[in-house]
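We did not get these values from a lab; they are worked out from the coordinates using the rules stated. Since the structure is predicted, the reported quantities are computational estimates derived from the model, not experimental observations. Cβ coordinates were reconstructed from backbone atoms using ideal geometry, including for glycine residues, and neighbour counts include every protein chain displayed.
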Amino acid sequence: MLWPADNSLRLGMEEAIYLSTEIAVLQIYTDSGEECTPDIVWKAFYDRYGIRFVRRYATYRYFRYQGWIVRAGLHCGADFMLYRDGPEYYHSSAAVRIVSIERLS
């Protein structure tokens, strides 16, 4: 999660979907101010990123349900970094890299 100079909130696509659908604490709007349904948001991300988005979201959701705080891991060469109490308190406990079965064969 980043806080840019204009104080707008910027979330990763997985976190945005999770917050809007799983715990219903976020509403997503278009640039013109129309509210987006979860189906519209899901379709937009899927149309842009395909199965990669589905894998990333499934991974994100799994670790959130396990009680982890999940953050982007790009700066460490991973898909996600996992924290028990949050990045402000400790270094990450684990890095997660998503690898498809096709890439393993």
Problem - Rounded FRET efficiency, nearest 0.05, which uses the C-beta distance separating I101 from H75 and R0 of 25 Å - result: 0.40
Practice task
Mind sorting out which of [x] 0.98; [y] 1.27; [z] 1.10 is the real Rg/Rh (Cα atoms, Kirkwood Rh) computed from the coordinates?
Solution key: [x]
Practice task
Work out how much length E34 to F63 would gain on full extension: take 0.36 nm times their residue separation and subtract the Cα-Cα distance, in nm to one decimal.
Solution key: 7.3 nm
Fill in the blank from the handout: The long-range amide H neighbours of A94, using H built 1.01 Å from N in the peptide plane and a cut-off of under 5 Å, are L82
Completion exercise
Expected max-MSF residue from E88, E22, E14 in the GNM of the chain (alpha carbon, under 10 Å) is E88
Practice task
Place a +1 charge on the Cβ of each Lys and Arg in the chain and a -1 charge on the Cβ of each Asp and Glu, then give the dipole magnitude about the Cα centre in debye, rounded to the nearest 20.
Solution key: 540 debye
Practice task
Go through S8, V70, T30 and say which Cα lies farthest out towards the positive end of the charge dipole of the chain; charges sit on Cβ, +1 for Lys and Arg, -1 for Asp and Glu.
Solution key: V70
Completion exercise
Phi angles of the range 94-102, converted by Karplus (6.51 cos²θ - 1.76 cosθ + 1.60, θ = phi - 60°) into ³J(HN,Hα) in whole Hz with x for Gly and Pro, give 7, 10, 10, 10, 8, 10, 6, 4, 4
